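The values are calculated or read from the model by the stated rules, or taken from the named source; none is laboratory data. Only a predicted model underlies this, so the values are computations on that prediction, with no experimental measurement involved. Cβ sites come from the backbone with ideal geometry, for glycine too, and all protein chains shown count toward neighbours. To get the accessible areas, we keep the full protein, side chains included, count just its heavy atoms, and leave off ligands, DNA and RNA. Shrake-Rupley method; radii C 1.70, N 1.55, O 1.52, S 1.80 Å.
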Amino acid sequence: MSFIQLTDVDLVYGSSGGKASGDQTLAVSGANISIAHGEFIAIVGPSGCGKSTLLKLIAGLVKPNRGTVRVDGADVCRPQKVGMAFQNATLLPWRNVRDNVMLPLEIVEPYRSRQKADHDKNCARAEELLATVGLSGFADRMPWQLSGGMQQRAQLCRALIHEPSILLLDEPFAALDTFTREELWSVLQDLWSSRKCTIILVTHELREAVYLAQTVHVMSARPGRIVKTSSVDIARPRTLDSTFQPDFVGLVHDLRDHIGRGKKS
Ligand code: ADP
């Protein structure tokens with residue numbers, strides 16, 4: 001059964017409803033996507049095809065001009081309690097790592113009302129979470145004292161501290177060097193295995209999509225629609241060795257082929 005369901009979704013930027021024209025942009029057209037509870041999916045496609053827009057639709061930050069977006073059986077009409085992480089870690093430079101991680105607890109209920117009473121407990125939770133991503137002992141550091149990869153690890157903790165059932169990741173590792181990026185694939189796989197939240201990863205790195213996801217959805221060029229959905233039947237935990245296996249390489253080629261075709265359609 002679907003936990004997240006997009007049905008025939010169109011999204012037009014710069015409109016108050018109706019069709020795209022003039023300075024309006026039809027970003028997503030007739031998108032259908034179904035995601036099970038606890039599933040890890042990746043969305044790939046050419047730049048500007050509407051991948052981030054799909055995330056915004058699921059987060060309730062934009063509303064479809066046509067079609068429906070449903071989460072857990074209910075129409076998405078307002079911003080949802082999700083975790084989000086982006087290409088830039090966007091840690092607040094005047095807060096140490098622990099206080100950055102705890103930021104959502106100042107905003108999201110029921111944590112917000114209890115933040116004073118639960119302060120010590122929340123600090124301990126933040127530090128436990130930091131330990132799971134290899135940042136034990138870094139809670140008191142300032143963001144500028146961390147490498148780019150460490151900042152991304154902290155950002156993942158901030159996205160998870162309020163225990164969202166959905167984690168939306170928009171190119172979270174795109175700015176990192178290859179080695180750091182590949183290390184973080186393993187970190188993210190472990191987080192997903194231990195927490196079992198539903199993860200939607202937008203990426204242009206096809207190896208990353210196949211390494212991490214159970215299902216990869218390919219979008220066509222704008223206006224984006226889903227042109228191919230592939231299951232990734234590769235045993236877990238996946239490792240860098242998995243990326244050299246013939247079935248892994250074959251799937252990456254197949255996805256690349258579909259993206260190429262989607263660009264022409
Ligand atoms: P992707 O994530 O695949 O690169 P996006 O979802 O960010 O693509 O954008 C899809 C299209 O919508 C692009 O042409 C982009 O320029 C346009 N777009 C995105 N956000 C806005 C916005 N807030 N206002 C107007 N156009 C936008």
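What the table shows:
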quantity: Qualifying position, being polar (S, T, N, Q), touching a helix residue (DSSP H, G or I) at 6+ places or on another chain (Cβ under 6 Å) and under 20 Å from PHE40 (Cβ atoms), among THR203, THR132; calculated: THR203
quantity: Selection status of ALA27, open to solvent by less than 10 Å² (accessible area, probe 1.4 Å), under 21 Å from ARG261 (Cα atoms), at pLDDT 95 or above and near the ligand (Cβ under 8 Å from one of its atoms); calculated: yes
quantity: Flag if PHE138 is among the aromatic types (Phe, Trp, Tyr) and either under 19 Å from the mean Cα position of the chain (by Cα) or within 16 Å of the ligand (Cβ to nearest atom) (or both); calculated: no
quantity: THR215 vs. criteria under 29 Å from LEU129 (Cα atoms), surrounded by 21 or more Cβ atoms within 10 Å (Cβ to Cβ) and β-branched (Val, Ile, Thr); calculated: no
quantity: Those residues of the range 153-190 which are open to solvent by 10 Å² or more (accessible area, probe 1.4 Å) and either part of a helix (DSSP H, G or I) or of a type in the set (Phe, Trp, Tyr) (or both), in sequence order; calculated: ARG153, ARG158, THR178, PHE179, THR180, ARG181, GLU182, GLU183, SER186, VAL187, ASP190
quantity: Cβ pairs under 8 Å, 6+ apart, first in the range 217-246 and away from the ligand (no atom under 16 Å from the Cβ), second basic (Lys, Arg); calculated: THR243/ARG207
quantity: Within the range 190-199, tally of residues that are polar (S, T, N, Q) and farther than 25 Å from LYS56 by Cβ; calculated: 2
quantity: Boolean, ARG66 is open to solvent by 70 Å² or more (accessible area, probe 1.4 Å) and touching an Asp or Glu at 6+ places or on another chain (Cβ under 8 Å); calculated: yes
quantity: Hey, ASP99 away from the ligand (no atom under 16 Å from the Cβ) and of a type in the set (Asp, Glu) or not; calculated: yes
quantity: Total residues in the range 62-84, condition under 14 Å from LEU6 (Cβ atoms) and either under 16 Å from the mean Cα position of the chain (by Cα) or polar (S, T, N, Q) (or both); calculated: 4
quantity: Segments classed as helices (runs of 4 or more DSSP H), wholly inside the range 76-138, with at least 2 members that are in contact (Cβ under 8 Å) with a residue 60 or more places away in the chain; calculated: none
quantity: Any hit, the range 232-250, residues being at pLDDT below 95 and surrounded by 18 or more Cβ atoms within 10 Å (Cβ to Cβ); calculated: no
quantity: Pick from the range 42-63, criterion part of a helix (DSSP H, G or I) and open to solvent by 40 Å² or more (accessible area, probe 1.4 Å), ranking: farthest from the ligand (Cβ to nearest atom); calculated: LYS56
quantity: Restricting the range 69-84 to residues that are within 16 Å of the ligand (Cβ to nearest atom) and modelled with pLDDT of 95 or more, the residue that is surrounded by the most Cβ atoms within 10 Å (Cβ to Cβ); calculated: VAL69
quantity: Residues within the range 198-212 that are open to solvent by 10 Å² or more (accessible area, probe 1.4 Å) and farther than 17 Å from PHE244 by Cα, tallied; calculated: 1
